[in-house]
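Chemist: Below are the structure tokens for one structure; questions will follow.
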Amino acid sequence: MKNLLLVGFGNQAKSWALNLRDSGVKFSLALRKGPSMDLALKMGFETHLISDDFSQYKHIVLLTPDETHFFILENLKLKEGARIYYAHGFSVVTHELQNKFPSYNHVLLAPKAIASELRFQYEIQGKLGAVFSLEHIKDENKFDIKQELFLLASAIGITSGPYETTFENETYADLFSEQTILCSILPYVSNTIFNKLIQKGVEEETAYFEAWYEVKLIADTLIKVGPQRFFELISPNALAGSYYGKRTIIDSQFEKNIDALLEDIYSGQFQKNLEKTDMKKLREETNLFWESQPLLKTHQRLENELFN
């Protein structure tokens, strides 16, 4: 792939850049002056100021936060017909960028992994999935665009797919999974279970294994063997525990709460709430919460033995 430009050098962009370089793909970075540019130059990447003329670039990958995409596209000097790639559909769905910048082709290539995992799986030659959309393409030859997209996906380490979707489906599914299981139930319920065990006098190490570390082992097994085989493999105690836990926790009120979250996403209410949220304050409050939790201290004490 020629004439490839990556915009940004945060966690996601850094993983893309390292994977692309290791795959032998030539590209440049567009950045503002500051620590990110200094780091990119130190790491040996070809770097330009974001205010430069990029009309010679055909493929532009936006890897900055979603809320910056409109401003960046408004100020980037690009040629008509440039292909803008997004790693997440949120900015296009929320701000209708395909209508505000109709002279560009808007392409979705969304790896289904956080930045650190995108890099790690590439390094160990592991497995990674992704989805894509060509619904906002102006060029007539979508076949060539799809071929180039698949080459780009392979170069960043995608081994499963990418599978076709829409910007909206990817965005809403991502928001819903984050709000329900991935970034709420998993960490916060695990923390609650850890605290309950500590209150009953269970040792921190034992509680940590049961409430936190085994989440990874169970998730790995679920993904590897599938749901039916998983329940054939677990012990009778675990099987009975699963039944009683499901019956007690996943009740009608649980379903209503899940439905309410989903409705907020599809109605646009979540996006409106997001615009009013002070993200800096929210991040600070979240950090303070976890710093106060015994689980964090136990993790910090055990992580070298378990993960390094």
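Chemist: What is the residue count in region 26-49 for residues that are over 21 Å from HIS88 (Cα atoms) and part of a loop (DSSP other than H, G, I, E, B)?
Modeler: Total meeting the criteria: 8.
Chemist: Next question, about the same structure. Suppose the filter is open to solvent by less than 60 Å² (accessible area, probe 1.4 Å) and at positive phi; does GLY81 pass it? Step through it out loud before you land on a result.
Modeler: On the way: open to solvent by less than 60 Å² (accessible area, probe 1.4 Å): yes; at positive phi: yes.
Spelling it out, GLY81 is indeed open to solvent by less than 60 Å² (accessible area, probe 1.4 Å) and at positive phi.
Chemist: Right, something else. Looking at GLN147, GLN179, which one is touching a residue at least 60 places away in the same chain (Cβ under 8 Å), of a type outside the set (Phe, Trp, Tyr) and open to solvent by 30 Å² or more (accessible area, probe 1.4 Å)?
Modeler: Criteria check complete, one pass: GLN179.
Chemist: Being of a type in the set (Ser, Thr, Tyr) and in a helix (DSSP H, G or I) narrows it down to one of SER103, SER15, so name that one.
Modeler: SER15
Chemist: May I ask you to list the residues in region 150-173 that are closer than 30 Å to SER267 by Cβ and either open to solvent by 70 Å² or more (accessible area, probe 1.4 Å) or modelled with pLDDT under 95 (or both)?
Modeler: Hits for region 150-173 are GLY161, TYR163, GLU164, GLU168, ASN169.
Chemist: Among (1) within 20 Å of the chain's Cα centre (by Cα); (2) farther than 25 Å from GLY129 by Cα, which single condition is LYS77 missing?
Modeler: Result: LYS77 fails condition (1) only.
Chemist: Further, regarding this structure: Out of the residues in region 155-212 that are among the acidic types (Asp, Glu) and either more than 30 Å from ASP66 (Cβ to Cβ) or not in a helix (DSSP H, G or I) (or both), state the one that is nearest to the chain's Cα centre (by Cα).
Modeler: So, considering only residues that are among the acidic types (Asp, Glu) and either more than 30 Å from ASP66 (Cβ to Cβ) or not in a helix (DSSP H, G or I) (or both), the one nearest to the chain's Cα centre (by Cα) is GLU164.
Chemist: Mind listing whichever residues of region 2-25 are at pLDDT below 95 and open to solvent by 70 Å² or more (accessible area, probe 1.4 Å)?
Modeler: LYS2, ASN3, ASN11
The values are calculated or read from the model by the stated rules, or taken from the named source; none is laboratory data. Nothing here was measured: the structure is a model prediction, and the numbers come from that model. Cβ atoms come from the backbone with ideal geometry, glycine included; neighbour counts cover every protein chain shown. The area values use the complete protein model at the heavy-atom level, side chains included, leaving out ligands, DNA and RNA. Shrake-Rupley method; radii C 1.70, N 1.55, O 1.52, S 1.80 Å.
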